[in-house]
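Below is one structure, written out as structure tokens, with a few remarks after it.
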């Protein structure tokens with residue numbers, strides 16, 4: 001597989017929060033050869049199942065019947081081989097058309113944590129009946145007072161100019177149509193790439209690397225690759241509901257984290273020196289240890305990312321689903337988060353995927369038992 | 001004393017190991033079985049009667065973890081749970097459960113500008129001094145990023161009934177729950193003692209324990225805020241130390257189930273136990289989150305008043321703690337008699 005071209009396909013797909021179908025469908029077709037079966041959940045998350053050796057797991061049997069109220073030692077896992085879930089959220093920030101003004105200008109609102117400082121003069125694409133290019137219009141500087149020039153224009157005052165006549169706009173653009181930043185998938189030096197939506201397609205690509213790796217790596221655990229919906233909205237709806245359905249023994253959130261660049265000092269990590277492994281209450285201590293051991297065995301670089309509370313990833317929600325899940329956080333360093341020029345290093349994506357695959361391969365009943373022993 | 005052992009044990013959210021171990025050792029003789037779950041909750045079962053009662057007390061305490069090690073050998077911290085920055089400078093801390101001693105230094109008053117003297121020292125500027133001269137020296141001690149850091153406070157008696165210690169929120173609740181297990185058996189009840197994790201970062205352990213245990217009712221046992229101190233209007237003291245266990249009317253996480261609440265009040269009245277209500281509605285307790293599990297679980301909170309919680313050292317009156325144990329036993333007797341109707 002050419003990782004760069006797969007990543008380019010992933011960032012090209014439209015998948016703003018709440019409208020993840022195009023990307024979930026892309027994963028269903030692109031990853032079909034790598035999984036035994038796949039589905040899209042009612043909330044729009046992708047689930048691909050790669051069965052362990054000898055396993056009879058099936059997605060159609062999810063969710064499993066609830067266990068009856070047992071009196072003694074009620075913490076019993078469902079029968080069958082261990083289950084490892086890895087979630088990479090597939091939704092991304094963007095905008096939505098809220099009104100069509102006279103002249104065909106589009107008003108819009110933001111979806112997710114959009115950096116409003118970057119909106120003026122942004123090139124966008126409006127996903128209506130077809131993909132329509134547009135620009136976030138601005139007043140010319142000649143007509144702008146000096147005070148206005150240092151003011152950030154509120155999103156309510158911004159509009160998109162498609163250059164099309166109003167009647168055509170009305171035909172092509174329904175209210176609620178997704179607005180995405182236009183982009184180029186740019187190859188920088190040293191295996192580094194820059195584009196929109198590396199948050200969090202980089203992690204989806206890491207799941208793909210893991211699935212590829214698992215073709216040649218023996219494993220008895222079932223592996224559920226989840227492309228979770230809705231993360232940028234908050235509440236982790238896609239990951240939480242998928243975890244409820246799957247009842248995994250281990251759930252790993254794969255996400256992006258801050259990479260070092262000029263002006264970033266604390267809580268940022270070098271690009272190209274491997275993924276970060278989360279440490280803190282959102283991360284099962286024993287699972288964290290296993291992840292570190294695997295990285296060391298593979299001779300892979302990694303950094304510890306200290307997460308003293310909410311990790312800000314799907315793991316925060318997945319940890320407390322049903323009777324609790326052993327969770328871990330694996331992150332890919334990324335520069336310029338939530339801008340159209342998010343920058344990652346392919347080596348970090350490969351390393352994260354390999355680490356994940358080896359975790360699946362190493363997971364057995366004894367490890368699962370161990371994770372509940374404190 | 002159980003409270004002494006528990007208060008001296010170290011356990012920030014996610015690293016409750018020492019507390020879990022102390023509880024295991026102290027309470028094993030009094031329970032029928034015990035187990036842990038994927039988050040680290042320690043569950044003990046006593047009895048197998050028809051009514052399932054969950055008593056919850058959280059094991060974790062507020063504190064810190066190592067966020068960074070500077071090249072000069074200082075530790076930058078991250079907070080675990082809610083802490084008032086103003087109480088931190090000048091404190092002694094223990095780094096890791098191995099209790100490597102360190103201090104939270106502060107620039108000498110003499111060196112501060114007039115403006116700096118008027119302001120609380122920002123947390124970002126604080127660091128732990130272990131006496132190390134380089135990052136390599138810190139690493140040689142086996143200190144890693146994410147390692148827990150604790151207030152170095154040792155339990156002591158200020159008077160025969162008033163004790164001082166760290167982490168009374170919620171080791172006081174753990175001690176009440178331990179006291180209940182050590183006391184009379186309730187054959188009509190399956191008592192699940194849930195010593196839970198991660199309360200301080202979002203009521204997280206209790207919810208998964210409640211899901212698993214699926215009890216008929218639940219009570220959270222807490223060390224709660226208390227301010228019967230100079231300068232506070234008597235109407236605003238939240239609770240008063242020395243005036244008995246506290247029954248909650250409402251907090252930020254939920255409103256108690258009325259039946260459980262009423263039964264607690266009746267139990268206190270019938271047994272002649274001095275009690276009080278919690279006169280503050282902010283601050284959340286596990287009961288509010290437990291109530292939301294599965295199809296809903298009737299729940300209420302009973303607390304021990306503790307002055308100066310969420311700092312390095314708190315005070316509590318042992319009469320309040322013992323009153324809470326007695327209140328729970330009387331409550332359980334009423335439940336056994338069928339006075340709680342699910």
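The values are calculated or read from the model by the stated rules, or taken from the named source; none is laboratory data. Remember, it's a predicted structure, so these values are computed and weren't measured experimentally. Because the Cβ atoms are built from the backbone with ideal geometry, glycine has one as well, and the counts that use them run over all protein chains shown.
Here residue B:171 meets each of (1) in contact with a helix residue (DSSP H, G or I) (Cβ under 6 Å, 6 or more places away or on another chain); (2) under 26 Å from residue B:337 (Cα atoms) with one exception, condition (2). Taken residue by residue, region A:99-107 has no member that is modelled with pLDDT of 95 or more, assigned to a loop (DSSP other than H, G, I, E, B) and either within 14 Å of another protein chain (Cβ to nearest Cβ) or under 18 Å from the mean Cα position of the chain (by Cα) (or both).
The strands (runs of 3 or more DSSP E) falling completely within region A:236-337 that include 1 or more residues that are without any contact (Cβ under 8 Å) to a residue 60 or more places away in the chain and surrounded by 24 or more Cβ atoms within 10 Å (Cβ to Cβ) map to A:276-279, A:303-306. The residues of region A:143-172 that are under 32 Å from the mean Cα position of the chain (by Cα), surrounded by 12 or more Cβ atoms within 10 Å (Cβ to Cβ) and within 24 Å of residue A:115 (Cβ to Cβ), listed by number, are A:153, A:155, A:158, A:159, A:160, A:161, A:162. Annotation note: of A:68, A:78, A:74, the sole residue that is surrounded by 17 or more Cβ atoms within 10 Å (Cβ to Cβ), assigned to a loop (DSSP other than H, G, I, E, B), within 14 Å of chain B (Cβ to nearest Cβ) and modelled with pLDDT under 95 is A:74.
Just checking, how many residues over region A:338-347 are assigned to a helix (DSSP H, G or I) and either more than 15 Å from residue A:269 (Cα to Cα) or in contact with a helix residue (DSSP H, G or I) (Cβ under 8 Å, 6 or more places away or on another chain) (or both)? So that I can check it myself, show each step before the final result.
Keep residues of region A:338-347 that are assigned to a helix (DSSP H, G or I), which gives A:346-347.
The next check asks that each one be either more than 15 Å from residue A:269 (Cα to Cα) or in contact with a helix residue (DSSP H, G or I) (Cβ under 8 Å, 6 or more places away or on another chain) (or both); those that pass are A:346.
Here the count works out to 1.
Taking region B:1-17, which residues are more than 13 Å from chain A (Cβ to nearest Cβ), outside any helix (DSSP H, G or I) and in contact with a strand residue (DSSP E or B) (Cβ under 8 Å, 6 or more places away or on another chain)? It would help to see each step written out before you state the result.
Quick first cut of region B:1-17, residues more than 13 Å from chain A (Cβ to nearest Cβ) only: B:1-10.
Keeping just the survivors that are outside any helix (DSSP H, G or I) gives B:1, B:9-10.
Hit for region B:1-17 is B:10, nothing else.
Residues that are under 21 Å from residue B:253 (Cβ atoms) and touching a strand residue (DSSP E or B) at 6+ places or on another chain (Cβ under 9 Å) within region B:294-313 comprise B:297, B:298, B:299, B:300, B:301, B:302, B:303, B:304, B:305, B:306, B:309, B:310, listed in sequence order. Screening B:208, B:246, B:260 for residues that are within 14 Å of chain A (Cβ to nearest Cβ) and modelled with pLDDT of 95 or more leaves exactly one candidate, B:208.
If you take the residues of region B:50-66 that are surrounded by 17 or more Cβ atoms within 10 Å (Cβ to Cβ) and in a loop (DSSP other than H, G, I, E, B), which of them is nearest to the other protein chains (Cβ to nearest Cβ)? Full working, then the answer.
Restricting attention to region B:50-66, the residues satisfying the condition of being surrounded by 17 or more Cβ atoms within 10 Å (Cβ to Cβ) are B:51-66.
Filter again for in a loop (DSSP other than H, G, I, E, B), leaving B:59-60, B:62.
Working: B:59: 10, B:60: 8, B:62: 11 Å.
Of everything passing the filter in region B:50-66, B:60 is nearest to the other protein chains (Cβ to nearest Cβ).
One residue stands out among those in region B:118-141 that are part of a loop (DSSP other than H, G, I, E, B) and within 14 Å of chain A (Cβ to nearest Cβ): the one that is surrounded by the fewest Cβ atoms within 10 Å (Cβ to Cβ), which is B:122. Checking each residue in region B:73-104 for being in a loop (DSSP other than H, G, I, E, B) and either in contact with a helix residue (DSSP H, G or I) (Cβ under 8 Å, 6 or more places away or on another chain) or within 14 Å of another protein chain (Cβ to nearest Cβ) (or both) picks out B:73, B:81, B:82, B:83, B:88, B:96, B:97.
Note on region B:18-49: residues that are under 15 Å from residue B:175 (Cα atoms) and either part of a helix (DSSP H, G or I) or not assigned by TED's automatic domain parsing to the domain that holds residue B:218 (or both) amount to 12. Contact annotation: residue pairs with Cβ atoms under 7 Å, 6 or more positions apart or on different chains, pairing a residue in region B:230-243 that is in contact (Cβ under 8 Å) with a residue 60 or more places away in the chain with a partner that is surrounded by 10 or more Cβ atoms within 10 Å (Cβ to Cβ) and assigned to a helix (DSSP H, G or I), are B:241/B:320; B:242/B:319; B:242/B:320. Of A:274, A:299, A:312, all but one fail to be more than 21 Å from the chain's Cα centre (by Cα) and in the same structural domain as residue A:48 (by TED's automatic domain parsing); the exception is A:299.
The single condition among (1) surrounded by fewer than 24 Cβ atoms within 10 Å (Cβ to Cβ); (2) under 13 Å from the mean Cα position of the chain (by Cα); (3) in contact (Cβ under 8 Å) with a residue 24 or more places away in the chain that residue A:201 does not meet is (1). Criterion applied to A:175, A:217 was being assigned by TED's automatic domain parsing to the domain that holds residue A:19 and either more than 18 Å from the chain's Cα centre (by Cα) or not in a helix (DSSP H, G or I) (or both), and the one residue passing it is A:217.
Out of all the residues in region B:167-177, is one or more more than 14 Å from chain A (Cβ to nearest Cβ) and surrounded by fewer than 23 Cβ atoms within 10 Å (Cβ to Cβ)? Give the steps one after another, and end with the answer.
Initial filter on region B:167-177 (more than 14 Å from chain A (Cβ to nearest Cβ)): B:167-177.
Adding the requirement that they be surrounded by fewer than 23 Cβ atoms within 10 Å (Cβ to Cβ) leaves none.
There is no residue in region B:167-177 that is more than 14 Å from chain A (Cβ to nearest Cβ) and surrounded by fewer than 23 Cβ atoms within 10 Å (Cβ to Cβ).
Summed over region B:23-46, the residues that are within 11 Å of chain A (Cβ to nearest Cβ), surrounded by fewer than 18 Cβ atoms within 10 Å (Cβ to Cβ) and touching a residue at least 60 places away in the same chain (Cβ under 8 Å) give a count of 0.
When you check residue B:20 against the structure, is it surrounded by fewer than 24 Cβ atoms within 10 Å (Cβ to Cβ), facing another protein chain (nearest Cβ under 7 Å) and modelled with pLDDT of 95 or more, yes or no? Spell out the reasoning first.
Values: surrounded by fewer than 24 Cβ atoms within 10 Å (Cβ to Cβ): yes; facing another protein chain (nearest Cβ under 7 Å): yes; modelled with pLDDT of 95 or more: yes.
When the stated conditions are applied, residue B:20 passes them.
Please work out if residue B:251 is free of Cβ contacts under 8 Å to residues at least 60 places away in the same chain and surrounded by 19 or more Cβ atoms within 10 Å (Cβ to Cβ). Judged against the criteria, residue B:251 is a match.
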